[in-house]
Amino acid sequence: MEPLERGAPIPDPLTPYLEVDRTQPRHECWVTGHMVAGLDGTAAIHGRVGALSTEPDQDLFRRMRQIADVVMVGAQTVRSEGYAPMRLSESARVQRQTRGQSEMPPVAVVSRSLDLDWSSQVFTAAPEHARTIVITCAKADPERLAAAEQAATVIIAGEERVEPAAALQALAGLGYQVVLCEGGPRWLGELVAADRLDELCLSISPMMGGDALPVSVAPPGAGIAQFSLKSTMVADDTLFLRYEAKPAAEGRS
């Protein structure tokens, strides 16, 4: 055991995340989960993740989108958090283009039911070069599927349910190599169970007493995935942890 002590301030907290090499994913593309939890493990307060997030976490959360080729999020999170197209600063857009990325990443909404508001900003305000993507399955309601095709780019990933591997294979086929997953807990659990989470950036908020919902909800029969702690940072009373998945041979049981 060793102490983690506060050191010299980091001029830009995004820099350590930008410096991570994500060019060697274990599968189709590199998948980063970015989540926040309270001290008791809760993932929301009154159904909202934003209520749990501190100011330093909110700032990093917005800026982390700079690393992504696409931002993937579950439908319930889209509904509860009022998602809109990504917004990046001018300098962030320039840096992305310098690295060969698009000016901004599109949003990819994962939904089996397609119970979504097609008039919401996440669909209507998305620019043509970053049109919102909807990832669903073949058994989705035909009328809702037709509405989705009018409002977004649709990916069919699975028959009865959205299958993580199929979804990520489709995204990789469209050229998206770094996928940033912003939740929710059930979709994150599906990614972990499918061995598709390469990296987890977890913010620990100095709060307790939120909803009885953890950061990740494993589907029935899921195994145990193990991760290695790669870096830590602290801002005020918020702790920022970055983990990477251990190879399957040594990290699963």
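Taking a sphere under 10 Å around the Cβ of Leu116 and counting the other residues whose Cβ falls inside, with K and R at +1 and D and E at -1, yields a net charge of 0. A simple count of charges around Arg144, restricted to other residues whose Cβ falls under 13 Å of its Cβ and scoring Lys, Arg +1 and Asp, Glu -1, yields -3. Put a dot 7 Å past the Cα of Leu229, heading toward its Cβ, do the same for Arg62, and the two dots end up 3.0 nm apart. Taking amide H as placed 1.01 Å from N in the peptide plane, the amide H of Ser231 sits under 5 Å from that of Arg242, each at least 5 places away or on another chain. One equal scatterer on each Cα of the range 141-208, no solvent, Debye formula: the resulting log10 I(q)/I(0) at q = 0.15, 0.23 Å⁻¹ is -0.63, -1.15.
Charged neighbours of Asp211, selected by a Cβ distance under 13 Å, balance to 0 (K, R count +1; D, E count -1). Per residue, the chain reaches -6500 deg cm²/dmol at 222 nm when only DSSP H runs of four or more residues are counted, each adding -39500 (n - 2.57).
Pairs of Cα atoms in the chain fall into 5 Å distance bins, from 0 up to the last occupied one, in shares of 1, 6, 13, 18, 20, 19, 13, 7, 3, 1, 0, 0 percent.
Simple rule: put +1 on each Lys or Arg Cβ and -1 on each Asp or Glu Cβ in the range 35-98, find the dipole, and look at Thr77, Ile45, Ser91; the Cα lying farthest toward the positive end is Ser91. Available extension along the chain between Asp115 and Arg131 is 3.9 nm, counting 0.36 nm per residue and deducting the alpha carbon span. Note on Glu149 and Arg186: the model spin-label points, each 7 Å out from Cα along the C-beta direction, lie 2.6 nm apart. About the centre of its Cα atoms, the chain shows a dipole size close to 280 debye [charges on the beta carbon of Lys, Arg (+1) and Asp, Glu (-1) only; nearest 20 debye].
Its relative contact order, with pairs defined as Cα atoms under 8 Å and 6+ residues apart, puts the chain at 26 percent.
Values quoted throughout were computed directly from the atomic coordinates according to the rules given, and no laboratory measurement underlies them. From a predicted model like this one, the values you see are computed outputs, not experimental measurements. Neighbour counts run over all protein chains shown; Cβ positions are idealised from the backbone, glycine included.
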